[in-house]
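Here's the structure we're looking at; comments come further down.
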Amino acid sequence: MTATLPAPAKTRRVVFPFTAIVGQEEMKLALILNVIDPKIGGVMIMGDRGTGKSTTIRALADLLPEIEVVAGDPFNSDPVDSDLMSEEVKQAIEQQLPIEIVKKKVQMVDLPLGATEDRVCGTIDIEKALAEGVKAFEPGLLAKANRGILYVDEVNLLDDHLVDVLLDSAAGGWNTVEREGISIRHPARFVMVGSGNPEEGELRPQLLDRFGMHAEIHTVKEPELRVQIVEQRAEFDGDPNAFCQKYFEEQEKLQSQIVRAQELLPQVTIDRDLQVKISEICSELDVDGLRGDIVTNRAAKALAAFEGRSEVTIEDIRRVIVLCLRHRLRKDPLENIDSGYKVEKSVARVFGLEVAE
């Protein structure tokens with residue numbers, strides 16, 4: 001039925017290697033866990049200007065292994081998983097028509113700040129639909145982002161309605177476009193990554209809560225590390241290919257670790273007593289709804305899988321829970337997001353641990 005073709009020769013611009021990025025461990029961990037389990041619900045990264053947010057996200061997309069897609073399909077349809085394929089591909093498979101499969105790098109789609117809803121969701125050509133009796137659909141950025149990463153820089157400056165549309169698609173895995181009684185639905189399962197500078201304002205608490213994790217990044221203060229980062233950047237800009245070659249083995253090792261984690265994830269278990277303690281912490285912190293409980297469970301499992309273990313430990317929970325809960329404590333839009341101290345204090349009390357300084 002199918003033929004797998006080799007990936008096209010590398011004509012893309014060279015991207016700074018993920019394993020070469022110094023510091024920002026919190027952001028890197030949150031991104032890796034979301035790639036292992038996209039159902040965590042994405043990451044909101046807030047931090048100072050010039051701290052490598054965009055560089056890190058592009059580096060992660062470049063690190064990920066190639067995926068099999070149906071050739072010529074605008075939705076990057078999976079040739080096997082029906083939840084990740086378009087209606088046209090489903091029909092072709094049901095009718096046992098031949099489909100061509102190619103390997104492709106995981107897409108990272110940048111959402112421009114001035115994008116309209118039509119550009120994001122896609123449009124239906126009503127005239128063509130009425131004249132020719134076909135559903136004339138022009139795919140948008142959500143179609144392109146299916147099975148990839150959608151990156152929204154300065155997400156806090158986007159229109160709230162558009163942020164809502166993006167988060168709805170990310171949570172449900174589908175995008176629906178309706179116009180004049182015509183409805184088109186296509187898969188849109190992607191890792192949503194938003195970034196912004198707190199000086200330019202925060203997202204409303206209701207929208208912030210929809211992001212699975214919230215990472216805070218700060219400008220590196222240590223002079224030695226700053227010099228190392230500057231030297232690395234100069235070396236990369238001078239000869240990108242030679243610089244990337246130095247990190248080739250580390251990149252391959254991390255890529256394999258992520259793939260193994262994705263395969264191991266369904267077997268990872270979490271003890272019921274630990275689940276009760278997670279919910280006790282969420283309750284004590286007065287976290288609205290159950291998203292905090294669900295995301296913390298998912299993130300802890302993804303971390304265990306990443307480290308090659310099939311059972312979640314207290315340490316796994318401790319390492320992810322601040323990322324999963326800190327942005328859910330803010331009730332007033334004028335409040336600042338908790339640095340994590342309140343969450344760590346509650347974790348220490350519930351698990352009988354010392355609060356990390």
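What follows is calculated from the coordinates using simple rules that are stated; it is not laboratory data. All of these numbers come straight from a predicted model, not from anything done at the bench. Using ideal geometry, Cβ is built from the backbone for each residue, glycine included, and neighbour counts are taken over all protein chains shown.
Quick notes on this structure:
- Span per principal axis, largest first, for the Cα atoms of region 199-301 (Å): 52, 40, 24
- Two-site label geometry, Arg49 and Gln96: point separation in nm, points 7 Å out along Cα→Cβ: 6.2 nm
- When only the Cβ of Lys, Arg, Asp and Glu is charged (+1, +1, -1, -1), the dipole of the chain relative to its Cα centre reaches about 500 debye.
- Charge context of Arg147, other residues only, Cβ under 13 angstrom, K/R +1, D/E -1: -1
- Here Phe236, Phe351, Phe18 are placed in order of increasing Cβ neighbour count within 10 Å, fewest first, which gives Phe351, Phe236, Phe18.
- Listed residues Pro139, Val320, Gln251: farthest to the positive end of the dipole of the chain (Cβ charges): Gln251
- Val230-Thr176 FRET efficiency (beta carbon distance; Förster radius 45 Å; 0.05 resolution): 0.45
- Modelled spin labels at Gln255 and Asp164, positioned 7 Å past Cα toward Cβ, are 4.1 nm from each other.
- Karplus-derived HN-Hα couplings along region 157-164 (A = 6.51, B = -1.76, C = 1.60, θ = phi - 60°), whole Hz, x at Gly and Pro: 9, 6, 4, 3, 4, 5, 4, 4
- When the Cα atoms of region 265-351 are aligned to their principal axes, the ranges along those axes come out at 42, 21, 21 Å in descending order.
- FRET efficiency, Glu263 to Asp237 (Cβ-Cβ, R0 41 Å, nearest 0.05): 0.65
- Within the listed set Glu315, Glu344, Glu216, the residue fluctuating most in the Gaussian network model of the chain (springs between alpha-carbon atoms under 10 angstrom) is Glu315.
- Highest-MSF residue in the chain out of Ile182, Ile321, Ile67 [GNM, Cα springs under 10 Å]: Ile182
- Taking the inverse of the mean 1/r over every pair of distinct Cα atoms in the chain gives a Kirkwood hydrodynamic radius of 21.9 Å.
- Extension gain for the segment Lys105 to Ala71, taken as residue separation times 0.36 nm less the Cα-Cα distance, is 10.9 nm to one decimal.
- When Cys282, Cys324 are sorted by how many other C-beta atoms sit within 10 angstrom of their C-beta, beginning with the fewest, the order is Cys282, Cys324.
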